[in-house]
Amino acid sequence: MDLKKYELFSDVADSGNFTISGNKLGYTQSGVSHIIKGLENEFGFSLFVRTRRGVSLTDNGKTILPLIRQLLANNSHLEQTINAINGLVTGSITIGTYSSIAINWLPKIIYEFQKDFPSININIREGGIDEIESWIENSTVDFGFCSERNSQEFDWIPLKDDPLMAILPKDFPIPENGVYEISHFQNQPFIIHGLGIDYDIHLALRKAKVTPCIHFSSTDDHTIISMVANHLGVSILPNLIVKDWSALINALPLKPYTFRTLGIGVKSLKYLSPAPKKFIEYTKELL
């Protein structure tokens, strides 16, 4: 079975562009077109439709994409298991993660991991919790770093609690006890994060029965911090995001103490390939 054509199909589904995927995997644009056309003839239906920006999956393409990715994941698992039996740890790892974890945790972990396993390639995909959960479920990634929520339907490894912090302008009045009552957000102009982190924030506000006046939203951490620093409102962000920004804003613990639990989501720990399994071991040791 020639899996390279399936790898190409999976990559084009992500990039939405024949040229980008061709350059990445070593094909010309005409070569990509030829391979995709061959797949469509083999399957008996179209996989992509052309758009002004490139290509997008047809409904049939969307249906088979998770199956193709599971096939590729199973093949990778097989190859890595054979290598592990022969005393070799090789292969690749694809990780889904929040950008804050990619910045603060992963460089140290990857550095230590690659000292022992330099032949393993590591790919990182950054996104919000909805994207990461979807990547885990459809085998786009081997595992994902994200926060815990009740609706998750995959194996979960808790790692650390990350406090949620009140984000205030530098000249904002600071309570003497150094903590910020979450109830105070009820009457404050509020800036919400719109990329998955809002799940943890909305949950905290709902538990406190607080309905803030949301004036702005942004998917970029730095934008929210800058908006708060320029007196456009206040916000709540995890400590992992704001811990290095004390020059621009004040970050205070919330009262009552509120946190998100960060960890690793895996479609199935039982069937996880050797390379990502080893990376998770290093992660648990280093954090």
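Any read-out appearing in this document is the output of simple, stated calculations on the displayed coordinates, not a laboratory observation. What you are looking at is a predicted structure, and each value in this text was computed from that prediction instead of being measured. No Cβ is skipped: glycine too gets one built from the backbone with ideal geometry, and neighbour counts run over all protein chains shown.
Calculated FRET efficiency, residue 41 and residue 70, Cβ-Cβ r, R0 30 Å, to nearest 0.05? For residue 41 and residue 70, the calculated efficiency is 0.85. Listed from fewest to most Cβ neighbours within 10 Å, the set 205, 57, 286 follows the order 286, 57, 205.
For residue 207, the lysines whose Cα falls under 19 Å of its own Cα, not counting residues fewer than eight places away in the same chain, are 255.
Relative contact order of the stretch 160-261, taken over Cα pairs closer than 8 Å and 6 or more residues apart, is 51 percent. Under the criterion of Cα pairs below 8 Å and six or more residues apart, the relative contact order for the stretch 1-63 equals 28 percent. Take the chain, connect every pair of alpha-carbon atoms lying under 10 Å apart with a spring to form a Gaussian network, then pick out the residue of 273, 46, 217 with the largest mean-square fluctuation. Top of the fluctuation ranking is 46. Taking 45 Å as R0, compute the FRET efficiency from the Cβ-Cβ separation of residue 268 and residue 174 and round it to 0.05. It comes out at approximately 0.45. Note on the chain: helix-only mean residue ellipticity at 222 nm, from DSSP H runs of 4+ residues weighted -39500 (n - 2.57) and normalised by residue number, equals -13500 deg cm²/dmol. Using Cβ point charges alone (K and R +1, D and E -1), the dipole size of the stretch 106-233 about the Cα centre works out to roughly 380 debye. Just to be sure I understand: with springs between alpha-carbon atoms less than 10 Å apart, which residue in 263, 91, 61 has the highest mean-square fluctuation in the Gaussian network model of the chain? Sorting by GNM fluctuation, first place goes to 61. Taking 0.36 nm per residue of separation and subtracting the Cα-Cα distance, full extension of the segment from residue 29 to residue 112 would add 26.1 nm.
Among 180, 271, sorting on how many other beta-carbon atoms sit within 10 Å of each Cβ, with the fewest leading, yields 271, 180. Counting only DSSP beta bridges with both residues in the chain, the antiparallel share comes to about 60 percent.
So I have [x] 21.6, 64; [y] 22.1, 71; [z] 19.4, 61, and one of them is Rg and Dmax of the Cα atoms in Å calculated from this model. Which one is it? Given [x] 21.6, 64; [y] 22.1, 71; [z] 19.4, 61, the structure-derived one carries the label [y].
Here's the picture: a label point sits 7 Å out from the Cα of residue 285 along the beta-carbon direction, and within the stretch 89-129 the residues with their amide nitrogen under 17 Å of it are 89-90, 106-120. Here's the list of aspartates and glutamates a cross-link from residue 5 could span, going by alpha-carbon distance under 16 Å and ignoring same-chain residues fewer than 8 apart: 14, 40, 42. With 0.36 nm allotted per residue and the present C-alpha distance subtracted, the residue 63-residue 246 stretch has 61.2 nm of extension available. Rounded to whole Å, give me the distance from the Cα center of the stretch 113-168 to that of the stretch 28-71. That distance is 28 Å.
The ranking of 149, 52, 260, 206 from fewest to most other beta carbons within 10 Å of each one's beta carbon is 52, 206, 149, 260.
Each residue, residue 3 and residue 134, gets one label point 7 Å from its Cα in the Cβ direction; the gap between the two is 2.5 nm. Candidate cross-link partners of residue 278 among the lysines, defined by an alpha-carbon separation under 26 Å and a same-chain spacing of 8 or more, comprise 4, 108, 115, 160, 267, 270.
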